[in-house]
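The values are calculated or read from the model by the stated rules, or taken from the named source; none is laboratory data. Please read all numbers here as calculations on a predicted model, not as lab measurements. Ideal geometry is used to build each Cβ from the backbone, glycine not excepted, and the neighbour counts take in all protein chains shown. With ligands, DNA and RNA removed, areas are computed over all heavy atoms of the protein, side chains included. Shrake-Rupley method; radii C 1.70, N 1.55, O 1.52, S 1.80 Å.
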Amino acid sequence: MTGVNDDVPDGRELLRVEGVTKAFPGVRALDGVDLTLRAGEVHVLLGENGAGKSTLIKMLSGAHRPDSGRILVHGGPDGSADGLREVQIRSAQDAARLGIATIYQEFNLVPGLTVAENLFLGRQPRTALGLVDKKAMRARAADLLRRVRLDVSPNIPVAELGIARLQMVEIAKALSLDARVLIMDEPTAVLTSEEVQTLFDIVRELRDAGVGIIFITHHLDEIGALGDRVTVLRDGRSVDEVPATTGEDELIRLMVGRDIAEQYPRRRPDELGPPLLRVRGLTRRGAGRTGDGAARPVFEGIDFEVRAGEVVGLAGLVGAGRTEVARAVFGVDRYDAGTVEVAGERLAAGDVRAAMRAGLGLVPEDRKGQGLVLDASLQDNLTLARLDRDTRGGLVDRRGQRREAAAVAEQLKVRMSGLGQPARTLSGGNQQKIVIGKWLLAQTRLLILDEPTRGIDVGAKVEIYQLINELTAAGCGVLMISSDLPEVLGMSDRVLVMAQGRLTGELAAADATQDAVMELALQPPPGTTGGTHTNESAMEGSDV
């Protein structure tokens, strides 16, 4: 991968941001931010949710304009002595002309179009007659897919691809622009360990070809593995620039403005209360077949309970059936056999309203698609699960809703301009707080957390862990599903492990180690045959 950026020597500045500010109603998102990017480097942009990272990259990609300050890009021989010239980036087209490409967390793909059509949308190769040259487009698309090691046909609709493959298509789309500056916003959040290594190889090849890369991540272990320099943002300001070899403790201190002595501050109870949730024999038959022709279950024979004051972790490889069990317990999906009881009362299968009335709450892994109404206000999102309580004679008590919503937003330290702010405009960590806050207002007794800290920064993670402690101290129970194995070990009082749709073991906190959990996660469940279980993804923090 050569020739991408041959006109700019390694080490020469490609981009400089000087004293940039940006304010929105009630919020000063950026307050004098400085940043430089050189050719042939990976510059990590680090900060808590709400620190200003998204605002800055949207400014560089043309979605926002600065209120003050300057943006300079390398402009070749007609620029200043250092090759930089001040620019106005008013649109994505402006950014592309300046050699800036951005890969956002939220995919910018058209589901009904093919991979090739998405890669060249709006800039398709043309024949001499001005028609779209589909043959040339497919050939160029195939070459880009090879560069990102993605083995799919250019002709397949992107709607048929999983999230990880969609991420690789977005990366291929950015490569098609031959950008000198590549901005990557949380590109590893949805990738497996193997896919992350593939992405890192691609990033290193681009860096070696002279591309300057701004890399945003919440995984601190990725910084030393890939980065050269780190700029840390806090409360809209650039507080420091440090080498990528800087220790995690110091990076955390720079991000949050304080030391976090204990990453997983679990306060385990001295005594547990009665069972709040009891699941017996839960089974859901699937459409697939095993090697001997038998129906392959989505999950089968699931037995467990969660007691008052307890955090039960549910671990396993992606595809083991953890999320499917959680959705069935909450009534979102059907199940074919078994029972779910809350505080001794059996729940009707497939009845979300009954689950909510019984005191169950579910924080789904897809908070944007399933946990929030993105265009609704924070007040409406926070009070959604208790709407029936706030309604009298067909009228909603909006004043009471506002009072309750304001109290829980303050309790959760939500960074917002006001309760009328649309949920879509919040950072990921603050969106997750709103999803959890919805269930706090609904007076939930048993909270199911599915990937509760995915894609949020370390400061927001600790705040969510503290909230879990507060819930269990108040007598609630928590069932926590997480692919972050250290998180499972650090926050659980007991750990249940699933493989291929069945529970393969249970570990007390004292006995739960990474090796013990992974041994159970890779173990063929009782009654099955075959060799080592394979899956799309291993849990984060493991060596699998």
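Here are the numbers for the structure shown:
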item: Sum of side-chain charges, N108 neighbourhood, beta-carbon under 13 Å (Lys, Arg +1; Asp, Glu -1); result: -1
item: Cα gyration tensor shape of the range 321-364, rounded if a/c is under 1.5, else prolate or oblate by comparing a/b with b/c; result: oblate
item: Surrounding net charge for V478, when Lys and Arg each add one and Asp and Glu each subtract one, Cβ distance under 14 Å; result: -1
item: Cleavage-rule hits, GluC sites (Glu not before Pro), the range 42-141, DSSP coil, Cβ neighbours within 10 Å at most 12; result: E106
item: Too-long pairs where the Cα-Cα distance tops 28 Å, listed order kept, from K53/K135; K173/K461; K58/K134; K53/K438; result: K53/K135; K173/K461; K58/K134
item: Sites R268 and Q124, calculated FRET efficiency, Cβ-Cβ separation with R0 56 Å, nearest 0.05; result: 0.40
item: Label-point separation in nm, A348 to E506, each point 7 Å along Cα→Cβ; result: 3.0 nm
item: Cβ-defined net charge surrounding A343, 13 Å radius [Lys, Arg +1; Asp, Glu -1]; result: +2
item: Global size of the chain as Cα Rg and Dmax, reported in angstrom; result: 24.8, 78
item: Amide H contacts under 5 Å for T102, placed H, 5+ residues apart; result: I183
item: Carbon and sulfur %, accessible surface of the chain computed with the full protein complex present, 1.4 Å; result: 47 percent
item: Projected label distance in nm at L395 and R28, using a 7 Å step from Cα toward the beta-carbon; result: 4.3 nm
item: Cα gyration tensor shape for the range 20-78, rounded if a/c is under 1.5, else prolate or oblate; result: oblate
item: For A315, distant residues with modelled amide H under 5 Å away; result: L496, V497, M498
item: Length added when fully stretched, A407-D303, from 0.36 nm per residue minus Cα-Cα; result: 33.7 nm
